[in-house]
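Peer 1: One structure, as structure tokens, below. Some questions next.
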Amino acid sequence: MKIKTKLRLGFGFLFVVVLFFGAIAIYYIQEISENAKVILKDNYETLSYTREMRTLLDENDLPLTPSVAAKFNGQLQKEERNITEKGEHEAVALLRKAFNKLQQQPTAIANQKLAEREIRSHLRQIELLNMQAIVRKNDTARASVNKASLILGFAGTFTFLVLFSFSVNFPGFIANPLRALLEGIKEISEKNYSKRLHFDQGDEFAEVAGAFNNMASRLNEWENSNLATVLSEKRRIETIIEQMQDAILGINENEEVLFMNDAARKVLNITEDKIVGQNTQKLVQNNDLFRSMIANSSAIKPLKIVLDGKELHFQLQSRDILVPNLDKQGEAVKIATKSAGKVYVLRNITEFKERDEAKTNFIATISHELKTPISSIKMSLKLLNDERVGNMNTEQQQLIAHIQDDSTRLLKITSELLELSQVETGNIQLNFIPVEPTQILEYALQSVKFQADQKNVYLEVVKEDNLPNVQADVEKTAWVLVNFLSNALRYSSEKSKIVISLKARNGHVEFSVKDFGKGIDEQYQKRLFDRYFQVPTDGQNKSGSGLGLAISKDFIEAQQGKIWVESAIGEGSKFAFVLPASS
């Protein structure tokens, strides 16, 4: 039966019950009304007629006058038409006979008195009959009222019980299936896909239960198939991780080992078979390398490890394991990501390290070997410019000038390559001493003064008074400042100016060089301090080796400083660095 039909039948039943109770109430109220009507009308009128007739006899002497007799006769006629009780008809007939006798003997006073007594006797008889009828009918009406009250009470009680039972039980036809459906949905949300609903009624809820059971069955099948797929993928991934040459280690949010391949066991010197699931706090107690890996998980750091008597280089990398976050936030469910642990990877970079060292040694060797013949070329060029050797024409002098410029540039490049090789091999030697910033500035200015005078560029110095000393290597720091000034002179037009400023800043001293050239495009600024990177030129200025700024960055950072650039197209460039003030 459909839910709509159930609702219709239920409300129809309520309507019938209410209608039944109303019909019974109306019937008995009507009956009580009719009984009361009879009592108030018929018997009351009879008593009224007899009272009027007695009053006429009491107020008038015998013989009765024609008018009084007519009034008496009128009341008697009304009584004759209002006979309702048993025996009343005979009493009214005798009353009529006595009244006729009273009128037939108007002269015989004795006979009239006798007739009057008969009339009064019959009136009393009629009154008595009606009084008895009133009492009887009153008792009957009262009994009818009591009966009606009893029946209405039973009907009302029955109706109340029926309605109460209906109001208690009927909502269950709707609420119970809904509650069962809600509980089933909650079970499904908790991944209890074995939950089933069973409704015996053949209504829409039975159809919903069938659909729910079908859905749960499908979800159960999907869960099982998905679980099998996940397990298969897990085994495949574990196999891949196990066969990788890099050492890989996974730790969950509870600091327990999720996985560890053979390479990681070998590097960390862990021989236990059942390592998965163990707490890392226990493992790091006697394993310094393991403890160092976890302690430095946020940074990518190179490590040198001796394995099987061979010195190997590894690079440590770590990544968070991010999973969907389905935790309840109040009543809502927010889908985001949360960390479920970390993966640590030790990449074997020994081969790359060896190649890098070979490249650095090669550059250092070539640079060193080139420096001597280049110096000889410069010396030969200097001798050619001496008039004692011989005079040269204009074209020869121009060629000599170009050769001298190129040899100077080549000597600078080889010097920078030598400096770079020192930085890369870690052989850079820094001589830290407290020194006045102005001393470093004067050293740099003397180095570029001739170049600035040739280009007619004004070097403007802006410095604060009472600058603190800096803890620095004078030669290396001056080399950086000279590099800044050389680049500024290269890209400055003639008769322009370059501003060199010194100022104190938060326990540091800032050195800056600002030119007013064409500036550097923003897309190139982030790569200026990369090795071998050169900003594209318009052909008017010769580019360098792309090593000067990279070496400058290494020199400044080696002295616990910071280096940066600020530039905008059409406004020039400002190169700056800060060094810590000496305490």
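Readers should treat all values here as calculations from the given coordinates under stated rules, not as data from a laboratory. All values reported here derive from a predicted model rather than from experimental measurement. Cβ atoms come from the backbone with ideal geometry, glycine included; neighbour counts cover every protein chain shown.
Peer 1: Between GLU436 and TYR532, what is 0.36 nm times their sequence separation minus the Cα-Cα distance? Round to one decimal in nm.
Peer 2: Contour length minus Cα-Cα distance gives 31.3 nm.
Peer 1: Non-local amide H neighbours of LEU303 (under 5 Å, H modeled in plane, Pro and chain starts lacking H): which ones?
Peer 2: Result for LEU303 returns PHE314, GLN315, LEU316.
Peer 1: Turning to a different aspect of this structure: P(r) tail for region 431-580, what percent of Cα pairs lie past 18 Å?
Peer 2: Tail fraction, whole percent: 55.
Peer 1: Could you put GLU204, GLU387, GLU522 in order, starting from the residue whose Cβ has the fewest other Cβ atoms within 10 Å?
Peer 2: GLU387, GLU522, GLU204
Peer 1: Could you pull out every residue, at least 5 positions away or on a different chain, whose amide H is within less than 5 Å of the one on ALA472? Hs are placed 1.01 Å off N in the peptide plane, and Pro or chain starts have none.
Peer 2: So ALA472 has HN proximity to ILE433, VAL435.
Peer 1: Expected output is a single nm value to one decimal: the length gained when fully extending between ILE403 and ASP521, i.e. 0.36 nm times separation in residues minus the C-alpha distance. What is it?
Peer 2: Gain in length upon complete extension: 39.3 nm.
Peer 1: Counting other C-beta atoms within 10 Å, and keeping those with at most 16, which DSSP coil trypsin sites (Lys or Arg not before Pro) do you find in region 465-563? Show your work: numbers first, answer last.
Peer 2: Working: sites: LYS476, ARG490, LYS495, LYS497, LYS503, ARG505, LYS514, LYS518, LYS526, ARG527, ARG531, LYS542, LYS553, LYS562; in loops: LYS495, LYS518, LYS526, ARG527, ARG531, LYS542.
Listed in order of number, the matching sites are LYS495, LYS526, ARG527, ARG531, LYS542.
Peer 1: Amide H to amide H, which residues 5 or more places from PHE259 or on other chains are under 5 Å from it, using H placed in the peptide plane?
Peer 2: GLY250
Peer 1: Now, a different point. Can you grab the distance from the C-alpha centre of region 174-213 to the C-alpha centre of region 70-105, Å, no decimals?
Peer 2: 87 Å
Peer 1: Fewest first, what order do PHE511, PHE450 take by the number of other Cβ atoms within 10 Å?
Peer 2: Ordered from fewest to most neighbouring Cβ atoms within 10 Å, PHE511, PHE450 come out as PHE450, PHE511.
Peer 1: Something else about it: Sequence gap at least 6, Cα distance under 8 Å: using those rules, report the relative contact order of region 431-580 to the nearest whole percent.
Peer 2: 24 percent
Peer 1: Please go through region 177-216 and write out the trypsin sites (Lys or Arg not before Pro) that DSSP classes as loop and that have at most 11 other C-beta atoms within 10 Å.
Peer 2: Sites meeting the loop and neighbour criteria: LYS191.
Peer 1: Using a 7 Å offset from the Cα along the Cα-to-Cβ direction at both PHE160 and GLN132, what is the distance between the two label points in nm, to one decimal?
Peer 2: 4.3 nm
Peer 1: Run the numbers for LEU56 and ARG117: contour at 0.36 nm per residue of separation, minus the present Cα-Cα distance, in nm.
Peer 2: 20.6 nm
Peer 1: Let me ask another. Please order MET293, MET392 by the number of other Cβ within 10 Å, starting at the fewest.
Peer 2: Placing the least packed residue first, the sequence is MET392, MET293.
Peer 1: Nearest 5 is fine: what % of DSSP beta bridges in region 431-580 come out antiparallel, could you say?
Peer 2: 80 percent
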